[in-house]
Each structure stands twice: as C-alpha cells, then as structure tokens.
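Novice: Let me begin by handing over the structure; questions about it come next.
The numbers here are math on the coordinates, done by the rules we state, and not lab data. Just so you know, these numbers come straight off a predicted model, no measurement behind them. Reconstructed Cβ throughout: ideal geometry from the backbone, glycine too, with neighbour counts over all protein chains shown.
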C-alpha cells in the first residue's frame, strides 16, 4: 500500500514461523526487475518498502508491476500500479 503508488509502496506480510522467503518484483512481460528480499525471516509481521527502482537503481516507468512472495509453503502474486 498505497496502490497506485509514487514514489514508493510498502509490501506487508505475516509469517507464522521463521522461514526462507523471496520477495521479487516483475514487469508485465514476466521479467524480474527487482529482488526485494531473499533468505531467512523471523516469525511475525513484516513490511518491505519498494522505491520503484530496478536492481541497478534505475527508476522504472509508470505501469503495472507484480510482486511475488514465496515462502517454504506458500506463494502469492499481487498487482501494483506505479504512477509518475
């Protein structure tokens, strides 16, 4: 949230136990544009901020992006709209 967003958004999620996760951002072509988090995270509520930039630090164009949260037992993909 917020969605649509500019210049950043917060992705919030809850983990019922400590586990390995990956949180990635994809464009509408399915290309990975940003890895926000990878590795072990503890149990509880988490908030990760995305600043609308790719892995090289370049600002991305306005448009639709997807974040995918994968854990050891769960996967979720959600749509976000970046407006400049």
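Novice: For a quick check, take a GNM of the chain with Cα springs below 10 Å and name the residue from 65, 26, 74 with the largest mean-square fluctuation.
Specialist: Maximum among the listed residues: 74.
Novice: When 10, 21 are ordered from fewest to most other Cβ atoms inside 10 Å of their Cβ, what list results?
Specialist: Ordered from fewest to most neighbouring Cβ atoms within 10 Å, 10, 21 come out as 10, 21.
Novice: Please work out how much length the chain gains when fully extended from residue 12 to residue 56, using 0.36 nm per residue of separation minus the C-alpha to C-alpha distance, in nm with one decimal.
Specialist: Between residue 12 and residue 56, full extension yields an extra 13.5 nm.
Novice: When the expected Rg is taken as 2.2 N^0.38 Å, what fraction or multiple of it is the alpha-carbon Rg of the chain?
Specialist: Taking N as the residue count of the chain, the ratio is 1.06.
Novice: Counting other beta carbons within 10 Å of each Cβ, put 59, 73 in order, fewest first.
Specialist: Final ranking by Cβ density, sparse to dense: 73, 59.
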